[in-house]
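The block underneath contains the structure these notes are about, expressed in structure tokens.
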Amino acid sequence: MNNIPVVMIIFGGSGDLAHRKLYPALFNLYEKGLIKDNFAVIGTARRPWSHEYLRGQVVQAISESNEHYDEQAAANFASHFYYQSHDVTDIDHYIALKKLAEDLDEKYHAQGNRIFYMAMAPRFFGTIASHINDQHLVGSGFNRLVVEKPFGHDLASAEELNKIIQGSFDEENVYRIDHYLGKEMVLDITPFRVTNPLVRNSWNAEVIQNIQVTVGESLGVGTRGGYYDTSGALRDMVQNHIFQIITLLAMPEPKKLTSQDIHQAKKDLLDSLEIPTKKDVEEHFVRGQYEAGKDNPAYLEEDQVDPNSNTETYTAGMVKFKRGPIAGVPIYYRTGKELKEKVTRIDIVLKQVENSYGTTEPNVLTIIVDPSKEIIFTINGKKVSGSGLREELLKFNYSQAELDKIPDGYERLIHDILVGDNTNFTHWAELKQYWKFIDAIEAAWSELNKEGKKPATYKPGSFGPASANNIFENPTDKWIYR
Ligand code: BG6
């Protein structure tokens, strides 16, 4: 790999994301040679840490993510880290930050390249972006802004944030991170769909009955109750991760595999996204909250959660597009906390065909994204003994050697930021459409709240509220994964 010179400023350098994801990912890229001698990282946060303390934290983060790490390499890597205590609202701190960035640029010959990484509470994103602008923090080389989710709270606040960001960064230099776009099986969707004639020619409403995206989590909100209660499953998971998966499943084939063509294909699809009415929401969408279980309090009893909260920890719904290869095909999703297991999977349910053998169960093409990485296709064959048919499975999975080589999502995406490839990041045109959809559901739910209709409840360890079994347009359809 080529060595990329850069000074990277991480806002939120003492935070959990930096510790668990960013430092280990950067270390792996360092070991692979993408960043080498000509880089420096400035961690900023409010806490009064020293450079040495941050370096110790970086080494600890590496050791926690990989017990076989090379101690000497980790120490060399950590020596490139600097800490600046920073109050994001204080102009003087940006002046100091600019000076430190310039000094480090000179020391490490970073050629004026800057990456600004917003890894802190989203309410500060706008303030940071405007001060990067008014205090002229951008360097003389490339300047890239990385924004964690959530990007806004609804369409209006996302538009406002975007406007501020545009003051300093062109759209092509804004990297809105969605770590699901760094997952191997999510990246496998397009080649899987378009390169095999059998799959490709079946990717239409004549063959596909519906698609089901399931993102289950076995844990509750834990210590994140404060954030989660202002967000809910719809904003936390559907607005970004689930919608990106759905977009990849439904978009027209990009003309070429360039970032521009892929984003254009996504935009063409999303411009035809059907925005649900209140009636649609009542019929095809469900929200739920988990009850108390053996090992967990009820959502309403979690720390920092309003005991009267209507925030959903589970949601299921339906997405449809007017254009694209599967226009009109219902795409169902469901996601929640405290569910039966941690799993992300896509089930593509095929239509049942009239045939001389009689009715069989619908055949399904399944892509398991997590925890295993598999593709499973059900087919029908004759029973070996006796008469009649049986369902058989065609299965693809990776060898252990290949699994070991698959980088973590963050490593893959930070690599892309360093080399300037924004293919697997959320473009503003996509985000805007996602928010329109989410806003429509939130508006309908808030009407329902006024009518005294609360979210359903569900048992921990289940698949969510029973009402989620009735969201299908076709009453004989059902969740494949149960
Ligand atoms: C995050 C959400 O974006 O994704 C979390 O904020 C969620 O609530 C997480 O737990 C799930 O990611 P993954 O990769 O573990 O499926």
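The values are calculated or read from the model by the stated rules, or taken from the named source; none is laboratory data. Computed from a predicted model, the values in this text were never measured in an experiment. Here the Cβ is made from the backbone with ideal geometry for all residues, glycine too, and neighbour counts use every protein chain on show.
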Selection count, the stretch 282-297, where residues are in a loop (DSSP other than H, G, I, E, B) and within 24 Å of GLU447 (Cβ to Cβ): 1
Selection from the stretch 44-68 of residues that are at pLDDT below 95, of a type outside the set (Asp, Glu) and more than 11 Å from SER85 (Cβ to Cβ): ASN66, HIS68
Complete set of residues in the stretch 444-462 that are out of contact with any strand residue (DSSP E or B) (no Cβ under 6 Å at 6 or more places or on another chain) and in contact (Cβ under 8 Å) with a residue 40 or more places away in the chain: ALA444, TRP445, GLU447, LEU448, ASN449, LYS454, LYS459, GLY461, SER462
From the options TYR83, TYR23, TYR30, residue that is buried (at least 21 other Cβ atoms within 10 Å of the Cβ), under 17 Å from VAL6 (Cβ atoms) and in contact with a helix residue (DSSP H, G or I) (Cβ under 6 Å, 6 or more places away or on another chain): TYR23
Residue count for the stretch 298-346, restricted to those that are in contact with a Pro (Cβ under 8 Å, 6 or more places away or on another chain), closer than 25 Å to ILE376 by Cβ, assigned to a loop (DSSP other than H, G, I, E, B) and within 15 Å of the ligand (Cβ to nearest atom): 1
Among (1) within 16 Å of the ligand (Cβ to nearest atom); (2) in a helix (DSSP H, G or I); (3) among the hydrophobic types (A, V, I, L, M, F, W, C), the one test that ILE95 misses: (1)
Checklist (1) assigned to a strand (DSSP E or B); (2) within 28 Å of VAL215 (Cβ to Cβ) applied to PHE116, failing item: (2)
Residue that is farthest from the ligand (Cβ to nearest atom) [pool: residues in the stretch 216-232 that are within 24 Å of ALA121 (Cα to Cα) and outside any helix (DSSP H, G or I)]: GLY220
Residue within the stretch 337-346 that is touching a Lys or Arg at 6+ places or on another chain (Cβ under 6 Å), among the acidic types (Asp, Glu) and at pLDDT 95 or above present: no
Checklist (1) over 22 Å from PHE377 (Cβ atoms); (2) surrounded by 13 or more Cβ atoms within 10 Å (Cβ to Cβ); (3) out of contact with any strand residue (DSSP E or B) (no Cβ under 9 Å at 6 or more places or on another chain); (4) of a type outside the set (Lys, Arg) applied to ASP404, failing item: (2)
Matching residues in the stretch 120-142 - criterion: being buried (at least 21 other Cβ atoms within 10 Å of the Cβ) and touching a residue at least 60 places away in the same chain (Cβ under 8 Å): MET120, ILE128
Test: residue in the stretch 169-177 that is surrounded by 17 or more Cβ atoms within 10 Å (Cβ to Cβ), more than 18 Å from the chain's Cα centre (by Cα) and away from the ligand (no atom under 16 Å from the Cβ): yes
Test: residue in the stretch 265-280 that is touching a Leu at 6+ places or on another chain (Cβ under 7 Å), modelled with pLDDT of 95 or more, crowded, with 19+ Cβ neighbours inside 10 Å and closer than 22 Å to PHE192 by Cα: no
Test: ALA73 is within 22 Å of ILE4 (Cβ to Cβ) and assigned to a helix (DSSP H, G or I): yes
Output for the stretch 121-142, where each listed residue is of a type in the set (Gly, Ala, Ser) and either assigned to a helix (DSSP H, G or I) or under 23 Å from LEU248 (Cβ atoms) (or both): GLY126, ALA129, SER130
Qualifying residue in the stretch 237-253 (condition: more than 19 Å from the chain's Cα centre (by Cα) and away from the ligand (no atom under 11 Å from the Cβ)): yes
Search result, residues across the stretch 143-176 that are assigned to a loop (DSSP other than H, G, I, E, B) and either closer than 14 Å to SER231 by Cβ or in contact (Cβ under 8 Å) with a residue 60 or more places away in the chain (or both): GLU148, LYS149, PRO150, PHE151, GLY152, HIS153, ASP154
Some residue of the stretch 199-209 being touching a Lys or Arg at 6+ places or on another chain (Cβ under 9 Å), in a helix (DSSP H, G or I), surrounded by fewer than 20 Cβ atoms within 10 Å (Cβ to Cβ) and touching a residue at least 40 places away in the same chain (Cβ under 8 Å): yes
Matching residues in the stretch 347-385 - criterion: being away from the ligand (no atom under 16 Å from the Cβ) and small (Gly, Ala, Ser): SER356, GLY358, GLY381, SER385
Filtered residues of the stretch 48-69 (kept if outside any helix (DSSP H, G or I) and crowded, with 17+ Cβ neighbours inside 10 Å): TRP49, TYR69
